1. Which FRET efficiency, nearest 0.05, do B:ILE159 and A:LYS94 yield, Cβ-Cβ r, R0 35 Å?
2. I'd like the mean, over residues of A:38-44, of how many other protein chain beta carbons sit within 10 Å of each residue's own Cβ.
3. Tally Lys and Arg at +1 and Asp and Glu at -1 over the other residues with C-beta under 15 Å from the C-beta of B:GLY7: what net charge comes out?
4. What is the P(r) of the range B:1-149, as percent of Cα-Cα pairs per 5 Å bin from 0?
5. Residues of the range B:11-43 with the amide nitrogen closer than 20 Å to a label point 7 Å from the Cα of B:ALA5, along Cα-to-Cβ, please.
6. For B:THR65 paired with B:ARG235, estimate the spin-label separation in nm (one decimal), with each label point 7 Å from Cα along the Cα-to-Cβ line.
7. At the nearest 100 Å², what buried accessible area, both sides summed, do you get for A and B when the probe is 1.4 Å?
8. Mind computing the radius of gyration and Dmax over the alpha-carbon atoms of the range B:1-84? Å is fine for both.
Amino acid sequence: MSIDITFDLNEEPVSLAVEPRELLGHVLRERLGVRGTHVACGQGICGACTVLINGEAMRSCLLLGVQANGCQIRTISGVADVAGSPHPLQEALKDTGAVQCGYCTAGIVLSALSYLEECPAPSRTEIEHALSGNICRCTGYTAIVDAIERYVAQSWSAPQHILETP
Amino acid sequence: MRPAAFGYLAPTKLNDVLALLDGVSESVILAGGQSIVPLLNQRKMRPALVVDINQVEELGGMTVTEQSVQFGALTRHRTLELNSSVASHLPVLAEAAGLIGDPSIRRRGTLGGSLAHAQPGAELPVAVVLLDGRLEIASTRGVRTVRAREFYQEPFGSILERDEVILAVRIDRSSERRGYAVREFSSHRHGHNIVGAAAIRLDSGGFCTHATVVIGCAGRPTLVEGAVPSVIGARNLDDCDLQAIGELAAGEHASAVTPVRSEDRPLVAMVVIAALQAAWQRSTQIMGIRS
């Protein structure tokens, strides 16, 4: 069975035919060459596959590619601005030393940005709970939470739409 | 880990969903997908047809009347968690939903899906049993209403037939002025949650007139009847033998289909005691009682 789908990927329209069993994460990586998104556990536990669907962070390993039809999808590749300048959250993660192997980072950035759209002024504990679905094997999480706290503080001192480029 | 091949349809009308479930014997419903897609990925499920119900309008929505609050089956966990109407009328549902997974899981997972999947230790089945909710269920044979307290049979098993779909969940508002709480212990080593939930009603003098306790562990959500009498009539929860209540709860659950492992019993007791304490405290606040 083959189904034609069309969706918006990082603000560019894409169209292709997929089998129902192709997971969205695999469609992004293998059919569309967008490999910033990582498919790891395949069970929704680790968070490495997180993408934004219509602005909301969800697991791309738990969505079928066919379910993306008509949606706006943003992956980590669509977070930096058009000229390639990092998003302030990405800068903060770099500054606090929150990136080691980098495997979890894409999922963390997207989970954090989506969460902050819903809850723009979280406490440190709330940030930790919001990221409870993103596993990091390298950093021990402290620097990651520091970076998000720092980004939140910066966002409030220079108010701007969270997902806009600086 | 990739699914085996399956057919896929995404009807927009409920009747089309029901006809497919009736007509295709190896069909499964796809709602939020947060429980089903992992099973597809691991090939633990190999359906011939996946029926995606996310576009069925009849399954959405939330309605508040004087008598009840009714949720469409597609109500997302994140909606239950954040919606202000849920917070004011049924805060225990918000509390239970907020314990599920993480925000990404909650943005997709649904109330109907969680209730139908009947996973041991799942939070929403426990909360809906505590609230004595009613499930509206449809098939090509018609619509029936089933009490949540009569719905669950065994781990991952309920009275839901293969070709039935949950339409909505209705919660009576008559018990709104009670203190409710859900508490959970979660460990990957156990592979499932241990959930305790309690409802307490205090009269204006601060005496307990009503108590309900539900636990979820390895079996089905279980109403713990025997623990309740010792709490009724008490003025302070500390006057009750909480340890005995907790141990009774762990023991009662052991008789419901799947026994609680001996190492889990102190944890069952712990979540029950924690839920009772929180529910009592909230009832105190609701009734404006000075302790």
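1. Details: r = 54 Å, r/R0 = 1.55.
About 0.05, to the nearest 0.05.
2. Working: counts 0, 3, 0, 3, 8, 7, 12.
Average neighbour count from other chains, rounded to a whole number: 5.
3. -3
4. Calculated P(r), rounded to whole percents: 2, 9, 17, 22, 20, 16, 9, 4, 1, 0.
5. B:24-28, B:40-43
6. For the pair B:THR65/B:ARG235, the computed spacing is 4.2 nm.
7. Numbers: alone 8470 and 13260 Å², together 19460 Å².
Counting both chains, the buried surface is close to 2300 Å².
8. When restricted to Cα atoms, the range B:1-84 yields Rg and Dmax of 15.0, 48 Å.
The values are calculated or read from the model by the stated rules, or taken from the named source; none is laboratory data. Everything quoted here is computed from the prediction, not taken from an experiment. Backbone-built Cβ (ideal geometry, glycine too); neighbour counts: all protein chains shown. Note: accessible area is taken over every heavy atom of the protein model, side chains too, but ligands, DNA and RNA are not part of it. Shrake-Rupley method; radii C 1.70, N 1.55, O 1.52, S 1.80 Å.
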